[in-house]
Amino acid sequence: MPERASDTPAKSAWLTIGTFDGVHLGHQAVICRLVRGAHSQNKPAVVITFFPHPAEILRGLNGPYYLSTPQERESLIKALGVDEVITLNFTLEIAKKTAREFIQNLHTQTLFSCILVGYDFRFGVNREGDISILRHLGQEFDFEVQTISPQLLHGQAISSSAIRQLILSHEVRQASELLGRWYSVSGEVVHGDGRGKHIGVPTANVAAWSRRLMPATGVYAARVEVDNQSHPAVLNIGSRPTFYFPPAEQTMEVHLLDFHEDIYGKTINVNFIDFIRLEKRFNSAEELMDQIRKDIQTTREVLAHAPKTPDLSA
């Protein structure tokens, strides 16, 4: 098993293990319970996670997939009060370990007295290990096993796969409810073709991490964080079919409302608030501008009524 990122805590820790992509409300429930339990016993709360995602190694997934970068994931986890995040490099070597080998290696490298996991936790080669086997290993290696029930919202199980499906179906508002925060994408502002500025609507072209899952093509109402300040924005993800036929490479372009500063080279964070419309090809730049004006007005109305965080009671 690969070496972890930092030194093992001196005290016997409480652990949880998982990929935690997106750190959604279900993940947060596990991690918060871990922190409460560990700290009530004056022990460290430690999260064991992986990169790359096991699905990349086991199923050969390629291309945009992740709901959070590894750095974002660690930051979100630590914000919940965790003492240490250990990211293991997931390899075929790890994937081929039996359930017992995985736990034995982990127990050798990290002193722990309790493992807290979700009700459906599986581990080891071919996912052979389940909660029953984990409890048996707990008796062998002298650690406690605790589980947590599935977390539901509106009767739906909260999962990273469900969030991905929503994001790819334009339903960013619903995805944000399962995350417990707005779905966001960070990236550097880079130079584009300048067409937005030429037609009177300057846009920031955002170069996001290539493996980050992007919402489906279309126009969205957004809030954009620049230098720790939030700004309303209308955003387009697509191939600009009015100007390029056949369509060009997909881009993410953001028009910040009532904003006139130069932000080239800066890293901004785009929060997707709601979907407005599908991308379409217009017959002229003038028709496109008329639609953009409508999009801007719609965005102002959406953002005027949108809460600062997703409304989980809706």
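The values are calculated or read from the model by the stated rules, or taken from the named source; none is laboratory data. Since we're looking at a predicted model, the values are computed, not measured. Here the Cβ positions follow ideal geometry from the backbone for every residue, glycine too, while neighbour counts run over all protein chains shown.
Assorted remarks:
- Single unsatisfied condition, Leu137 versus (1) surrounded by 15 or more Cβ atoms within 10 Å (Cβ to Cβ); (2) touching a residue at least 60 places away in the same chain (Cβ under 8 Å); (3) not β-branched (Val, Ile, Thr): (2)
Conditions (1) β-branched (Val, Ile, Thr); (2) over 26 Å from His39 (Cα atoms); (3) out of contact with any strand residue (DSSP E or B) (no Cβ under 8 Å at 6 or more places or on another chain), marked per residue:
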{"position": "Arg73", "(1), (2), (3)": "no, no, no"}
{"position": "Val82", "(1), (2), (3)": "yes, no, no"}
{"position": "Val117", "(1), (2), (3)": "yes, no, no"}
{"position": "Leu134", "(1), (2), (3)": "no, no, no"}
{"position": "Leu166", "(1), (2), (3)": "no, yes, yes"}
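- Annotation: Gly60 fulfils all but one of (1) assigned to a helix (DSSP H, G or I); (2) within 29 Å of Leu168 (Cα to Cα); the unmet one is (1).
- Residue within the stretch 39-50 that is over 23 Å from Arg181 (Cα atoms), in a loop (DSSP other than H, G, I, E, B) and in contact with a Gly (Cβ under 9 Å, 6 or more places away or on another chain) present: yes
- Tabulated pairs, the stretch 274-293, first under 24 Å from His305 (Cα atoms), second acidic (Asp, Glu) and outside any loop (DSSP other than H, G, I, E, B), C-beta under 9 angstrom, 6+ apart or interchain: Ile276/Asp295; Arg277/Asp295
- Exactly one residue out of Ile115, Ile131, Ile158 is of a type outside the set (Phe, Trp, Tyr) and in contact with a helix residue (DSSP H, G or I) (Cβ under 6 Å, 6 or more places away or on another chain): that is Ile158.
- Test for Arg164: is it among the charged types (D, E, K, R), at negative phi, touching a residue at least 40 places away in the same chain (Cβ under 8 Å) and surrounded by 14 or more Cβ atoms within 10 Å (Cβ to Cβ): yes
- Selection from the stretch 35-61 of residues that are free of Cβ contacts under 8 Å to residues at least 40 places away in the same chain, under 16 Å from Phe123 (Cα atoms) and of a type in the set (A, V, I, L, M, F, W, C): Val47, Phe51, Ala55, Ile57, Leu58
- Test: Ala99 is at pLDDT below 95 and more than 22 Å from Arg36 (Cα to Cα): no
- The condition of being charged (D, E, K, R), more than 22 Å from Val145 (Cα to Cα) and surrounded by 17 or more Cβ atoms within 10 Å (Cβ to Cβ) holds for only one of Arg59, Arg73, that being Arg73.
- Verdict on Thr298 being in contact with an Asp or Glu (Cβ under 8 Å, 6 or more places away or on another chain), at pLDDT 95 or above and surrounded by 12 or more Cβ atoms within 10 Å (Cβ to Cβ): no
- Elements of type helices (runs of 4 or more DSSP H) in the stretch 123-236, at least 2 residues being closer than 24 Å to Val30 by Cβ: 131-141, 160-167, 172-179
- Here is the figure for the stretch 147-161: residues that are exposed (fewer than 15 other Cβ atoms within 10 Å of the Cβ) and out of contact with any Pro (no Cβ under 8 Å at 6 or more places or on another chain) total 7.
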